[in-house]
Amino acid sequence: MSLSSLGRSCWRFSRLQCTFTPKGMSLFSWLCVNWNTPSPVHRSVCVKRVHGSTSVFTDRCYEGLYPGHIHTTALQKTLLAVGSGVAALHDPYRHDMVAVLGETTGHRALMNLRDKMRNDPEGFTILAERPRIRLSTLDLKEMASLPDGSLGREYLRFLEDNHVTPDSRADVKFVDDEELAYVMQRYREVHDLLHTLLGMPTNMLGEVAVKWFEAAQTGLPMCALGAVLGPLRLNASRLQSLFTSLGPWALQNGRRARCVLSIFYERRWAQSIEDLRQELNIQTPPVTLTATKRRNI
């Protein structure tokens, strides 16, 4: 590819990135259609799958590694990472852009997380069984009947208080390894459970505190970026709370806690949060935050 054609491609990428909407023709479709890829057949499969989603990971072989997978070159990943990073910085609630940033920059961190799960008996079972956390897999009535303080009851309360749903988590598309793609999917789907465990709502301070924990725990560049840039959106009083109490607590507990992806939460709904925190080596948060109204995740 010549420098002039690369420049034109980057310009077109920039224009499409600014107008991208999750339900329309995305910059990802454009990349699959317009870029020179090794196989026209593979390219058409990518375009078809960019508009679909699945809640199942299996061991079957797909042309795109797994359902929904979109093959991208190193250059394409770089452009996607830059474009999604700029969009996420402009609007932290663009979770589609945050998702793309995580997938295109997190390969090494995902490998480390996968290895931790493989070396943990419970994590190994999760990798083998591939459970998904979706509304279709949750027994909401049973969870609502659990006692206060249990993981299932408090997780359900978190979803209700913050007006969020596990179904809003995007399916993985750009991770070029089927098992690592599941690790990324699992990370996304336990994110709200981590909010519950840490006692953090989904307001900006709560999100930044969770990102500090996740950055220390997972090593994902996306989490580190959120941990660094998130405080820029906090007012003075919340910055003081973050730097004097919540931040140090989140970093310390993120480093020393057991891998949070290695917990089969679906089999622990009746367990008390306090017991699970002790098992994971997570201390009670030093500050109690309350949920505030904002846009849904």
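Applying a threshold of 8 Å to beta carbon distances and a minimum spacing of six or more residues, or different chains, the list of pairs starting in segment 123-135 at a residue that is free of Cβ contacts under 8 Å to residues at least 60 places away in the same chain and ending at one that is of a type in the set (S, T, N, Q) reads 135/165.
Residues are listed down the side, and each one gets a yes or a no for (1) at pLDDT 95 or above; (2) not in a loop (DSSP other than H, G, I, E, B):
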residue	(1), (2)
93	no, no
96	no, yes
100	no, yes
113	yes, yes
123	yes, yes
128	yes, yes
148	yes, no
158	no, yes
167	no, yes
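All of 197, 140, 151, 193 fail the test of being open to solvent by 10 Å² or more (accessible area, probe 1.4 Å), closer than 19 Å to residue 267 by Cβ and not charged (D, E, K, R), apart from 140. Within segment 273-285, is even one residue open to solvent by 50 Å² or more (accessible area, probe 1.4 Å), in contact (Cβ under 8 Å) with a residue 24 or more places away in the chain and either out of contact with any helix residue (DSSP H, G or I) (no Cβ under 7 Å at 6 or more places or on another chain) or of a type in the set (Val, Ile, Thr) (or both)? Yes, segment 273-285 contains at least one residue that is open to solvent by 50 Å² or more (accessible area, probe 1.4 Å), in contact (Cβ under 8 Å) with a residue 24 or more places away in the chain and either out of contact with any helix residue (DSSP H, G or I) (no Cβ under 7 Å at 6 or more places or on another chain) or of a type in the set (Val, Ile, Thr) (or both). None of 203, 235 is out of contact with any helix residue (DSSP H, G or I) (no Cβ under 7 Å at 6 or more places or on another chain), of a type in the set (S, T, N, Q) and within 17 Å of residue 93 (Cα to Cα) except 203. Cβ separations smaller than 6 Å between residues 6+ apart or across chains give the following pairs from segment 245-260 residues that are under 13 Å from residue 219 (Cα atoms) to residues that are of a type in the set (D, E, K, R) and open to solvent by 10 Å² or more (accessible area, probe 1.4 Å): 259/116.
If I filter segment 250-267 for residues that are open to solvent by 40 Å² or more (accessible area, probe 1.4 Å) and over 22 Å from the mean Cα position of the chain (by Cα), do I get at least one hit? Looking for residues that are open to solvent by 40 Å² or more (accessible area, probe 1.4 Å) and over 22 Å from the mean Cα position of the chain (by Cα), one finds none in segment 250-267, hence no.
Sort out which residues of segment 172-182 are open to solvent by 10 Å² or more (accessible area, probe 1.4 Å) and under 23 Å from residue 118 (Cβ atoms), and write them in order of number.
If the condition is that a residue be open to solvent by 10 Å² or more (accessible area, probe 1.4 Å) and under 23 Å from residue 118 (Cβ atoms), then 176, 177, 178, 179 are the ones that fit.
What do you reckon, is residue 216 small (Gly, Ala, Ser) and either more than 28 Å from residue 85 (Cα to Cα) or buried (at least 21 other Cβ atoms within 10 Å of the Cβ) (or both)? In short, no. Residues in segment 71-91 that are open to solvent by 50 Å² or more (accessible area, probe 1.4 Å) and part of a helix (DSSP H, G or I): 7 in all.
The values are calculated or read from the model by the stated rules, or taken from the named source; none is laboratory data. Here the structure is a predicted model, which is why all the values come from computation and not from measurement. Here the Cβ is made from the backbone with ideal geometry for all residues, glycine too, and neighbour counts use every protein chain on show. Heavy atoms of the whole protein, side chains included, go into the accessibility calculation; ligands, DNA and RNA do not. Shrake-Rupley method; radii C 1.70, N 1.55, O 1.52, S 1.80 Å.
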